[in-house]
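Below is one structure, written out as structure tokens, with a few remarks after it.
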Amino acid sequence: MKFKGKVWKFKDDVNTDEIIPARYLNTTDPKELGEHCMEDIDPLFSKKVSRGDIIVGGKNFGCGSSREHAQISIKGAGVSCVIAESFARIFLRNAINMGLPILEIKDIRAVREGDYLEVDLNSGIVLDLTEHKEYKAKPLPRFIQEIISSGGLLKWIRKRGMDAKRTK
Amino acid sequence: MAYTITEKILLDHTDKKSIAPGDFIYAKIDLALGNDITAPIAIQEFEAIGAKKVFDRKRIALVPDHFTPAKDKKSAEQAKILKNFSDKHKIANYFEIGRMGVEHALLPEKGLVGPGDLIIGADSHTCTYGALGAFSTGIGSTDLAAGFITGCVWLKVPETIKFVYNGTLKPWVGGKDLILHTIGDIGVDGALYMAMEFTGGAIKALPMDDRFAMCNMAIEAGGKSGIIEPDNITRKYINSEGRKVKGIFYKSDEGAKYRKVIEYDADKIEPQVSAPHLPSNSGPVSRFKKVNIDQSVIGSCTNGRISDLRVAAGILKGRKVNSRVRLIVIPATQKIYSQAIEEGLADIFLKSGGVFSTPSCGPCLGGHLGILASGEKAIATTNRNFRGRMGHPDSEVYLSNPAVAAASAVKGRIAHPDELV
């Protein structure tokens, strides 16, 4: 899976209250949540962002609550992929489980806002087409790749059989 | 093989013979929790994939606590999804308004979680139950849907950081202060993906409510879980007030491997305050005495328990809330609410000029019951002070323990309880 998009840069420790403020959690509608994406950091973000654009964060991206409204909102805003130095753990697993492409790249803060990136999810190679630089993502563990290639956690479960795998 | 308490609990919930940090496991869960924000998505996903039945109707808890009693039509629709799902699948632990409470105070109170359990909850503060010696972690709605279907969760076995708190706590210092101090020390990603094991003399003497407050905020350091080895205080709690919780009292082995061990002189720690906009901006309360406040919130899954209300009432008794401050007290559960009335605490809050509300997450996440206007400042016993968390993006939240929040309500600025008592 490959895609190209323009970079929108964000700070360290972007939290889920900033990605989608709690005042909008009374809905699960992707369009409505997308309209308020990143609103408390940049009220105009959802208007400026174009389909396919890429969010680049610093460390601990997505810290805070467990709300999947964050991923729904990012997808709803048209963002194709989130790249960060590191992700908060619940945000990371929600993204994997829901099929929002994410990449962890240690030196990604070198890219500049407005740069165009080409992302190859399979190889984890990111090309900065504006600056002509290459970045390489930390490879995802095999187990995680299996979930992603199934199309998310629930499809992975369906593939394995829906019955409880419990012995208790 | 020497294991930490976390590794032992995880191992016993798999079919594996051994386990190591970094391993991916598919573990059995003892309880799966959802609320009115996260469960609707899980239920939609459960239905979208064509699942017909839940793995065990007694091992699911659904708690409409965030935007309830429903603050608007959309919230009412969200809560209705939980109610309908609970009816359809005969969910044993669905808690309607009036019997409800903030989930992380409610489940231990009801005896639904205990030592040695593996609990997942679609709420980041699910890590609270580690206070009972359980492995307990926040997950998302999709994980919850998968848990409803299979009774299992995928996990990466975390490394553990051991935090040792030596000494005896000063007056007015509790679990909240220990955890704010710790987060200030290691940062909001200081325990990213890791288990935080709290131990030492100060922890062994720490009452149950304080242990809950501490483990509750493990997530604010990026932690996967917080945990305290169960002991006689735990045993007493799980067997009191009509609870009869069976549990396994796991202990970390000598020689268990830790990512690191961090020691604190707990007797040197002052009551803490975390300044906006991160829980890690913590320091002794004396540093913040010039901050005027507009609102003081006492409640939440962190500090809305009966001992928190008792401490606050002790300070407010015979005193008045500053004329330009709103004091909002929200007991965490219906039982605590009723207990606070019986003990005369509610009367103290009302006579001091505060409001006393039915249980709800309320203003903690900017839902309702005390939203801040632009430029306003609040002190709160809650767990997060992110930008805009309690309302307007230009408002500010300072985190503290209940004694500091009560003293500040009286003084009209952030205050040490010693200034009054």
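This table checks each residue for (1) more than 14 Å from every other protein chain (Cβ to nearest Cβ); (2) modelled with pLDDT of 95 or more; (3) farther than 18 Å from A:SER65 by Cβ; (4) out of contact with any strand residue (DSSP E or B) (no Cβ under 9 Å at 6 or more places or on another chain).
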| position | (1), (2), (3), (4) |
| --- | --- |
| B:ASN166 | yes, yes, yes, no |
| B:MET196 | no, yes, yes, no |
| B:ARG211 | yes, yes, yes, no |
| B:ILE238 | yes, yes, yes, yes |
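Okay, residues lined up against (1) crowded, with 24+ Cβ neighbours inside 10 Å; (2) assigned to a loop (DSSP other than H, G, I, E, B); (3) within 13 Å of another protein chain (Cβ to nearest Cβ):
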residue	(1), (2), (3)
B:GLY114	yes, yes, no
B:THR126	yes, no, yes
B:GLY147	yes, no, yes
B:VAL153	no, no, yes
B:TYR193	no, yes, yes
Selection status of B:PRO279, in contact (Cβ under 8 Å) with a residue 12 or more places away in the chain, surrounded by 20 or more Cβ atoms within 10 Å (Cβ to Cβ), within 14 Å of chain A (Cβ to nearest Cβ) and closer than 29 Å to B:LEU107 by Cβ: yes
Matching residues in the stretch B:13-62 - criterion: being more than 9 Å from chain A (Cβ to nearest Cβ), part of a strand (DSSP E or B) and within 24 Å of B:GLY111 (Cα to Cα): B:ALA27, B:LEU31, B:ALA32, B:LEU33, B:GLY34, B:ASN35, B:ILE60, B:ALA61, B:LEU62
Given (1) surrounded by 14 or more Cβ atoms within 10 Å (Cβ to Cβ); (2) over 30 Å from B:LYS8 (Cα atoms), index of the condition B:GLY318 fails: (1)
First in the stretch A:7-29 and within 21 Å of B:ALA42 (Cβ to Cβ), second anywhere and assigned to a strand (DSSP E or B) and of a type outside the set (Phe, Trp, Tyr), Cβ under 8 Å, 6 or more apart: A:THR16/A:CYS63
Any hit, the stretch A:18-26, residues being modelled with pLDDT of 95 or more, more than 10 Å from chain B (Cβ to nearest Cβ) and part of a helix (DSSP H, G or I): yes
Index of the failed condition, B:ARG326 passing every other in (1) under 25 Å from B:ALA275 (Cβ atoms); (2) within 17 Å of the chain's Cα centre (by Cα); (3) touching a residue at least 40 places away in the same chain (Cβ under 8 Å): (2)
Failed item in (1) within 13 Å of another protein chain (Cβ to nearest Cβ); (2) farther than 30 Å from A:ARG158 by Cβ; (3) of a type in the set (A, V, I, L, M, F, W, C), with A:LEU44 passing the rest: (1)
Odd one out for B:GLU77, checked against (1) of a type outside the set (A, V, I, L, M, F, W, C); (2) closer than 23 Å to B:TRP154 by Cα; (3) free of Cβ contacts under 8 Å to residues at least 12 places away in the same chain: (2)
Residue list for the stretch A:46-72, filter: assigned to a helix (DSSP H, G or I) and either under 10 Å from the mean Cα position of the chain (by Cα) or among the aliphatic types (A, V, I, L, M) (or both): A:ALA70, A:GLN71, A:ILE72
Residue that is touching a Cys at 6+ places or on another chain (Cβ under 9 Å) and of a type outside the set (Gly, Ala, Ser), where the choices are B:TYR94, B:TYR165, B:TYR129: B:TYR129
Matching residues, the stretch A:111-166, being of a type in the set (Gly, Ala, Ser) and either within 13 Å of another protein chain (Cβ to nearest Cβ) or surrounded by fewer than 18 Cβ atoms within 10 Å (Cβ to Cβ) (or both): A:GLY114, A:SER123, A:GLY124, A:SER149, A:SER150, A:GLY151, A:GLY152, A:GLY161, A:ALA164
So B:GLY255, is it buried (at least 18 other Cβ atoms within 10 Å of the Cβ) and touching a residue at least 60 places away in the same chain (Cβ under 8 Å): no
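The values are calculated or read from the model by the stated rules, or taken from the named source; none is laboratory data. All figures in this text were calculated on a predicted structure; none of them were measured in a lab. Because the Cβ atoms are built from the backbone with ideal geometry, glycine has one as well, and the counts that use them run over all protein chains shown.
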